[in-house]
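Taking it in order: structure first as C-alpha cells, then the write-up.
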Amino acid sequence: MAKVYGMKRPAYDAVARALHWLTVLLVAMQFVIGWTMPDVHKDTQPVNLIAWHLGVGATLVAVMAIRVIWRLTHWPTPDELPPLLSVVSRVTHVFLYAALVLVPLLGWINASSRGWTVRLLGVVSYPALSEPGSAFGHEMGDVHGILAWVLLALIGLHVVGALFHRFILKDHVLQRMLPHAGPSRDQGRKR
C-alpha cells in the first residue's frame, strides 16, 4: 500500500509560531539596517543605524536562545514527507538555525573587539566576547558579513520550500506555521 504524504498535522504551538515570526521580523530589520547603515571603519562610532543594528542583533541573540531552548524541549508532530524531502528539510533547518545563531554572535564578537557595548533593549549589557582591538574579533566581522549572505540564501531556500509545500505538494506544512493557525494538539509535548 502506498504511503500518503502531506496529511494534515496540528499547528505549531503558539510560542513556536510567535518566535518564528519575531525572528522573521528581526532578521528583516537587520538586513534593511545592514544594507543602509554606513560602512564600519576603524574609528566608526556605534551611533544611529549602527546602534540600531547592534540593538536589533542583541534582541535576535535573546530570541534565538529562547527559540533553540523551546525547540529542544517542544517537538512538533513531524511532517510526513518522502525520505529525500525529509532529509533536505532537516538539513536546511539545522543550517538555518546555525546561521541564525552564528551571524549575530559573530557580530557581537566584532562589536566587542571595537570596544562597543552590546545591549539588549538598550538596557541590559551583554558581556564582551573579545578584547578591544582583538584581531580575531575584527576578522569575525568579515565572517559575520559573509555568513549574513549565507543566511539570506538559506532563508530563500526555506521560503521556496514552504511555497513548494503549498503549491506543488498542496499539503498543510506552510499553514502549520501561519500566525492564524489553529491551536496545536501537541502543545507542550515533550521530546
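The values are calculated or read from the model by the stated rules, or taken from the named source; none is laboratory data. The structure presented is a predicted model; accordingly, all values stated were derived computationally and were not measured. Cβ atoms come from the backbone with ideal geometry, glycine included; neighbour counts cover every protein chain shown.
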Extreme residue, modelled with the lowest pLDDT, among residues of the stretch 41-68 that are crowded, with 17+ Cβ neighbours inside 10 Å and either assigned to a loop (DSSP other than H, G, I, E, B) or among the small types (Gly, Ala, Ser) (or both): Pro46
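Report whether or not Val94 is modelled with pLDDT under 95, among the β-branched types (Val, Ile, Thr), closer than 21 Å to Leu22 by Cβ and not in a helix (DSSP H, G or I).
Values: modelled with pLDDT under 95: yes; among the β-branched types (Val, Ile, Thr): yes; closer than 21 Å to Leu22 by Cβ: yes; not in a helix (DSSP H, G or I): no.
When the stated conditions are applied, Val94 does not pass them.
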Scope the stretch 43-84; condition aliphatic (A, V, I, L, M), more than 19 Å from Leu105 (Cα to Cα) and out of contact with any Ser or Thr (no Cβ under 7 Å at 6 or more places or on another chain); matching residues: Val47, Leu72, Leu84
Some residue of the stretch 29-38 being loosely packed, with under 15 Cβ neighbours inside 10 Å, at pLDDT below 95 and farther than 30 Å from Pro132 by Cβ: no
Residue under evaluation Leu106, criteria (1) touching a residue at least 40 places away in the same chain (Cβ under 8 Å); (2) surrounded by fewer than 18 Cβ atoms within 10 Å (Cβ to Cβ); (3) assigned to a helix (DSSP H, G or I), criterion not met: (2)
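Identify all residues within the stretch 125-136 that are more than 16 Å from Pro46 (Cα to Cα) and within 21 Å of the chain's Cα centre (by Cα); write none if there are none.
Here is the first cut: in the stretch 125-136, the ones more than 16 Å from Pro46 (Cα to Cα) are 127, 129-131, 134-136.
Listed by number, the list holds a single entry, Leu129.
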Residue in the stretch 140-161 that is farther than 23 Å from Thr23 by Cα, without any contact (Cβ under 8 Å) to a residue 40 or more places away in the chain and surrounded by 17 or more Cβ atoms within 10 Å (Cβ to Cβ) present: no
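Counting only residues that are hydrophobic (A, V, I, L, M, F, W, C), at pLDDT 85 or above and out of contact with any Leu (no Cβ under 7 Å at 6 or more places or on another chain), how many does the stretch 69-91 have? Outline the logic, then answer.
The first filter runs over the stretch 69-91 and keeps only residues hydrophobic (A, V, I, L, M, F, W, C), leaving 69-70, 72, 75, 81, 84-85, 87-88, 91.
With at pLDDT 85 or above added as a condition, the list becomes 69-70, 72, 84, 87-88, 91.
Now drop any that are not out of contact with any Leu (no Cβ under 7 Å at 6 or more places or on another chain), which leaves 69, 72, 84, 87-88, 91.
Residues meeting the conditions: 6.
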